[in-house]
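> Here it is: the structure, laid out below.
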Amino acid sequence: MCGIVGAVAERNVVEILLEGLKRLEYRGYDSAGVALLQNDGTLTRIRRTGKVQELADAVAEGAALGSTGIAHTRWATHGGVTEANAHPHFSTERVAVVHNGIIENYVNLKAQLKEKGYTFTSDTDTETIAHTVHEELKAGKPLLDAVQSAVKTFHGAYGTVIMDKEDPSRVVVARSGSPLVIGLGLGENFIASDQMALLPVTRRFIFLEEGDVAEITRRDVKIFDKDGNAVEREIIESNIEHDAGDKAGYRHYMLKEIHEQPTVVRNALKDRIDENGLTVDVFGQGADEIFKKVQHVQIIACGTSYHAGMTARYWLEQYANISCNVEIASEFRYRKSVVHPNSLLITISQSGETADTLAALRLAKELGYMSSLTICNVQGSSLVRESDLAFMTRAGAEIGVASTKAFTTQLAAFLMLTLALGKENGMTETDSKAIISALHSLPAKLEETLAITGGIEDLAEEFADKNHSLFLGRGDQYPIAMEGALKLKEISYIHAEAYASGELKHGPLALIDDEMPVIVVAPNNELLEKLKSNVEEVRARGGIMYVFADKDAAFAGDETMRVIDVPHCEAAIAPIIYTLPLQLLSYYVALIKGTDVDQPRNLAKSVTVE
Ligand code: G6P
């Protein structure tokens with residue numbers, strides 16, 4: 001989604017800003033812009049729709065310079081994709097603003113500002129920030145005070161950075177609902193919406209908290225909390241390893257990330273599990289004590305992370321004997337729900353910044369959940385900071401918008417959680433041993449599974465000209481079918497629906513014909529025979545099937561049913577294993593269709609607005 005980069009330095013910051021924007025491209029955007037202040041008071045702005053490279057070319061052509069600057073990638077919410085709507089927005093050539101989030105009361109603010117004589121040149125909500133700050137500056141306030149006063153009038157979400165042409169030595173930033181991180185340099189300081197943007201210039205970060213306003217100069221950073229009190233925030237040394245330009249020889253980040261899964265899952269398990277089970281405190285200090293009291297689990301997430309939660313529900317109820325509900329964050333946060341006694345709230349998120357998930361966590365605290373745990377991939381993210389317990393999935397930076405390795409590490413985390421909660425709830429020795437042994441075998445099984453790529457490439461050829469598809473699974477493979485359908489939709493733009501195969505005859509059978517490929521995930525488990533009956537129902541109606549099946553499942557392929565062998569694995573890890581061929585299928589279909597695999601149209605990596 002939208003990205004922000006800002007810098008206050010002695011040197012020209014143009015390259016830093018553009019490199020930062022390039023590093024945020026993966027989050028999804030449709031236009032980009034930069035504004036620069038020179039010490040002589042010149043304010044320059046360049047904006048372009050399309051890719052950051054087009055902006056970079058325009059900046060190079062204009063030989064733009066500046067030692068204080070702000071830059072932005074915009075993902076349209078209010079107002080179409082036009083240069084006039086791209087950020088930075090100005091107020092009377094004096095104030096420049098970039099903004100992530102939505103100012104929900106912008107219609108009222110706009111009316112009031114128009115009455116005061118301000119002219120609007122865009123359809124965005126952001127322009128109201130520029131004019132409101134300008135109005136405060138006109139009253140003679142310094143920029144910091146002006147921003148502190150202005151934010152009091154905003155409802156909604158913002159991560160915003162503001163420059164005043166009459167004071168090129170600083171930027172002022174404000175955070176409420178949309179993340180901002182300050183990067184500390186030597187004789188220069190930075191601001192961004194994501195630490196990734198600043199990794200070439202610093203590894204020292206301060207994550208702003210809700211309601212913070214900060215003033216950033218070359219030599220100094222002053223932070224004030226929501227009540228205006230000066231506060232110190234912790235400085236965190238980032239250990240993220242990521243070179244945004246490095247696809248390690250793969251054609252796309254997504255393919256690289258698919259192939260990284262054996263390694264990152266190995267990392268996720270490292271030092272956390274041995275042959276006897278979990279090593280202590282895997283879920284954070286005090287987790288053991290909390291887990292002893294947990295009687296119910298409520299999982300909240302969005303997108304792919306939601307599918308990890310759906311899978312976890314099968315495991316927690318089957319193996320750990322603990323009741324579990326799973327809900328999409330945007331639903332949970334806006335409905336009245338009943339809190340079970342001694343409930344643990346679990347959020348799952350790759351980014352740790354998804355607006356709905358974060359809002360759900362905050363609501364859960366008000367509702368009286370006993371404790372909160374987040375399963376997350378980004379250290380220092382909002383969900384990690386605001387949850388009682390945090391489990392880091394260690395998947396490394398995930399750049400492809402369609403989540404792959406983050407998902408499989410989330411699933412590995414949930415199997416470990418199943419062991420931890422199962423220990424307190426009478427999990428059988430047999431189940432416990434089976435999960436431990438399955439987890440130990442997991443990285444090698446993932447490697448083996450990736451080796452079946454060839455067959456999937458052929459299959460993708462048959463698939464690519466279809467407009468619709470149906471994914472079927474049963475039990476803990478039903479969420480995997482949902483995830484397979486989501487991957488195909490996201491990157492190949494083919495309509496894909498997932499069904500629990502027992503539901504086939506309650507509707508989707510009506511859709512079956514030879515133009516509607518049906519993908520079936522079929523490990524050799526206790527539901528296999530039932531699944532085979534469902535397959536026959538499709539076959540009898542002339543459907544074309546692609547069955548990903550355990551070698552021992554004995555599916556006989558023919559002209560209407562292509563069978564793709566998946567290595568045999570233990571039941572507990574089958575959902576993780578069967579995810580991989582479905583990821584590869586959607587990747588190869590997208591390649592054939594020629595879509596933008598890493599940055600699919602209209603989608604964003606980190607959804608920081610509702
Ligand atoms: C976006 C991304 C998805 C992701 C979802 C939830 O829609 O495109 O890949 O699954 O957000 O994100 P989170 O960071 O909370 O896992």
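> Kindly indicate whether any position in region 26-46 is of a type in the set (Phe, Trp, Tyr), within 16 Å of the ligand (Cβ to nearest atom) and surrounded by 23 or more Cβ atoms within 10 Å (Cβ to Cβ).
The first filter runs over region 26-46 and keeps only residues of a type in the set (Phe, Trp, Tyr), leaving 26, 29.
Narrowing the set further to residues that are within 16 Å of the ligand (Cβ to nearest atom) leaves 26, 29.
Of the ones still in play, those that are also surrounded by 23 or more Cβ atoms within 10 Å (Cβ to Cβ) are 29.
Yes, because at least one residue in region 26-46 is of a type in the set (Phe, Trp, Tyr), within 16 Å of the ligand (Cβ to nearest atom) and surrounded by 23 or more Cβ atoms within 10 Å (Cβ to Cβ).
> Something else about it: Give region 529-571 a look and list any residue that's in a loop (DSSP other than H, G, I, E, B) and either at pLDDT 85 or above or closer than 18 Å to Asp514 by Cβ (or both), or say none.
Scanning region 529-571 gives Ala540, Arg541, Gly542, Gly543, Ile544, Gly557, Glu559, Thr560, Pro567, His568, Cys569, Glu570.
> Just need a number here: residues in region 463-481 that are touching a residue at least 60 places away in the same chain (Cβ under 8 Å) and open to solvent by 40 Å² or more (accessible area, probe 1.4 Å).
2
> Any residue in region 274-295 that is at pLDDT 95 or above sitting within a Cβ distance under 7 Å of a residue that is β-branched (Val, Ile, Thr)? List the pairs, counting only those 6 or more apart or interchain.
Val294/Ile322
> Being among the β-branched types (Val, Ile, Thr) and touching a Cys at 6+ places or on another chain (Cβ under 9 Å) is the filter; apply it to region 569-610 and report the residue that is farthest from Ala157 (Cα to Cα).
Step by step, filter region 569-610, then rank; the result is Ile577.
> Here is a further query. Given the condition among the hydroxyl-bearing types (Ser, Thr, Tyr) and open to solvent by 40 Å² or more (accessible area, probe 1.4 Å), answer yes or no: does some residue in region 234-243 qualify?
The first filter runs over region 234-243 and keeps only residues among the hydroxyl-bearing types (Ser, Thr, Tyr), leaving 238.
Now restrict to residues that are open to solvent by 40 Å² or more (accessible area, probe 1.4 Å): none.
Within region 234-243, not a single residue is among the hydroxyl-bearing types (Ser, Thr, Tyr) and open to solvent by 40 Å² or more (accessible area, probe 1.4 Å).
Results for (1) crowded, with 21+ Cβ neighbours inside 10 Å; (2) closer than 19 Å to Arg47 by Cα; (3) modelled with pLDDT of 95 or more, shown as yes or no for each residue.
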position	(1), (2), (3)
Pro88	yes, yes, yes
Ser91	yes, yes, yes
Asp145	no, no, yes
Val173	yes, no, yes
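> Would you be able to say whether some residue in region 409-426 is part of a loop (DSSP other than H, G, I, E, B) and either buried (at least 24 other Cβ atoms within 10 Å of the Cβ) or more than 11 Å from the ligand (Cβ to nearest atom) (or both)? Talk me through it step by step, then tell me what you get.
Here is the first cut: in region 409-426, the ones part of a loop (DSSP other than H, G, I, E, B) are 425-426.
Then keep just the ones that are either buried (at least 24 other Cβ atoms within 10 Å of the Cβ) or more than 11 Å from the ligand (Cβ to nearest atom) (or both); that gives 425-426.
Checked against the condition, which is being part of a loop (DSSP other than H, G, I, E, B) and either buried (at least 24 other Cβ atoms within 10 Å of the Cβ) or more than 11 Å from the ligand (Cβ to nearest atom) (or both), region 409-426 yields at least one hit.
> Of the residues that make up region 77-84, is at least one in contact (Cβ under 8 Å) with a residue 40 or more places away in the chain and among the charged types (D, E, K, R)?
There is at least one residue in region 77-84 that is in contact (Cβ under 8 Å) with a residue 40 or more places away in the chain and among the charged types (D, E, K, R).
So that you can scan it fast, the table gives a plain yes or no per residue for (1) within 12 Å of the ligand (Cβ to nearest atom); (2) of a type in the set (Asp, Glu); (3) over 28 Å from Phe332 (Cα atoms):
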| position | (1), (2), (3) |
| --- | --- |
| Ile576 | no, no, no |
| Leu582 | no, no, yes |
| Ser586 | no, no, yes |
| Leu591 | no, no, yes |
| Asp598 | yes, yes, yes |
| Val609 | yes, no, no |
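> Restricting to region 234-260, name every residue that is within 19 Å of Glu188 (Cβ to Cβ) and in a loop (DSSP other than H, G, I, E, B). First the steps, then the outcome.
Our first condition is that a residue be within 19 Å of Glu188 (Cβ to Cβ); within region 234-260, this holds for 235-238.
Result: Ile235, Ser238.
The values are calculated or read from the model by the stated rules, or taken from the named source; none is laboratory data. Predicted model, so just to flag it, every value in this text is computed and none were measured. Here Cβ is always computed from backbone atoms with ideal geometry, including for glycine, and neighbour counts include all displayed protein chains. Each accessible area value is taken on the protein alone, full model and side chains, heavy atoms only, with ligands, DNA and RNA left out. Shrake-Rupley method; radii C 1.70, N 1.55, O 1.52, S 1.80 Å.
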